[in-house]
Amino acid sequence: MNNADELETTILKAKKGNQIAFSRLLDMFWNDVYGFQLKRTENENDSEDITIQTFSKAFDKIHTYNDKYVFKTWLITISKNIHIDLVRKRKKSLLDSRSNSEVITSVLDVAPTMEDQLIQEQNLADLLRDIKKLKPHYQEIINLRYFQELSYADIATALNEPMNNVKVKLLRAKKLLLEIIKNRK
């Protein structure tokens, strides 16, 4: 099976809600989207936030993806639009400083993944040392999920972020933490 067939299969699985397929797509295209945004924004935090929002929106709207188009191009287009919206929102917020709070509905958390299990099996002292190597916002989301044992909805409320952003951030934080753990062994 070539890369194009593998990608097509992964996208089909993602359209059916397969979490592993989502994770694989995130792995395959994270650097492309992040790199694109880093060139546009010249800001690591904005680039990371926009990339997280891109995957969150893409996973929400994966059923609308048309395979006549290149998947990476579809992601980059979503990313570009999110950046444009962010710039508009910042300009507007300078003019209008009122804030909106998003209503968050509770959704059942998914079953523990392999990453969850590996993270939970680590020696606490080693794990805490590894968590400290993550960026602060990843440390925070790992803390809320695994030490305070909050649901996705509760984390979204605590961080004042959409639930999908929380899910993607947590997925990314777990992957980065897993890399740190593997490199330590």
Of all the helices (runs of 4 or more DSSP H) wholly in region 1-92, which have at least 2 residues that are over 16 Å from the mean Cα position of the chain (by Cα) and not hydrophobic (A, V, I, L, M, F, W, C)? 3-15, 19-41
Reported set for region 150-166 where residues are part of a helix (DSSP H, G or I) and either open to solvent by 70 Å² or more (accessible area, probe 1.4 Å) or acidic (Asp, Glu) (or both) is 154, 157
Report yes if residue 41 is modelled with pLDDT of 85 or more, polar (S, T, N, Q) and open to solvent by less than 20 Å² (accessible area, probe 1.4 Å), otherwise no. no
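One line per residue, one yes/no per condition, for (1) at pLDDT below 85; (2) surrounded by 19 or more Cβ atoms within 10 Å (Cβ to Cβ); (3) out of contact with any Cys (no Cβ under 6 Å at 6 or more places or on another chain):
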| residue | (1), (2), (3) |
| --- | --- |
| 77 | no, no, yes |
| 80 | no, no, yes |
| 94 | yes, no, yes |
| 110 | yes, no, yes |
| 138 | no, yes, yes |
| 144 | no, yes, yes |
| 148 | yes, no, yes |
| 177 | no, yes, yes |
| 182 | yes, no, yes |
Which members of region 126-149 meet the condition of being among the basic types (Lys, Arg), in a helix (DSSP H, G or I) and over 16 Å from the mean Cα position of the chain (by Cα)? 129
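Residues are listed down the side, and each one gets a yes or a no for (1) in contact (Cβ under 8 Å) with a residue 40 or more places away in the chain; (2) within 13 Å of residue 172 (Cα to Cα):
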{"position": "15", "(1), (2)": "yes, no"}
{"position": "18", "(1), (2)": "no, no"}
{"position": "31", "(1), (2)": "no, yes"}
{"position": "74", "(1), (2)": "no, no"}
How many of the residues in region 49-61 are without any contact (Cβ under 8 Å) to a residue 40 or more places away in the chain and open to solvent by less than 30 Å² (accessible area, probe 1.4 Å)? 4
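The values are calculated or read from the model by the stated rules, or taken from the named source; none is laboratory data. Just so it is clear, the model here is predicted, and its values are computed rather than measured. For neighbour counting, all protein chains shown are included, and Cβ atoms are generated from backbone atoms with ideal geometry for every residue, glycine included. Surface accessibility is based on the protein's heavy atoms, side chains included, excluding ligands, DNA and RNA. Shrake-Rupley method; radii C 1.70, N 1.55, O 1.52, S 1.80 Å.
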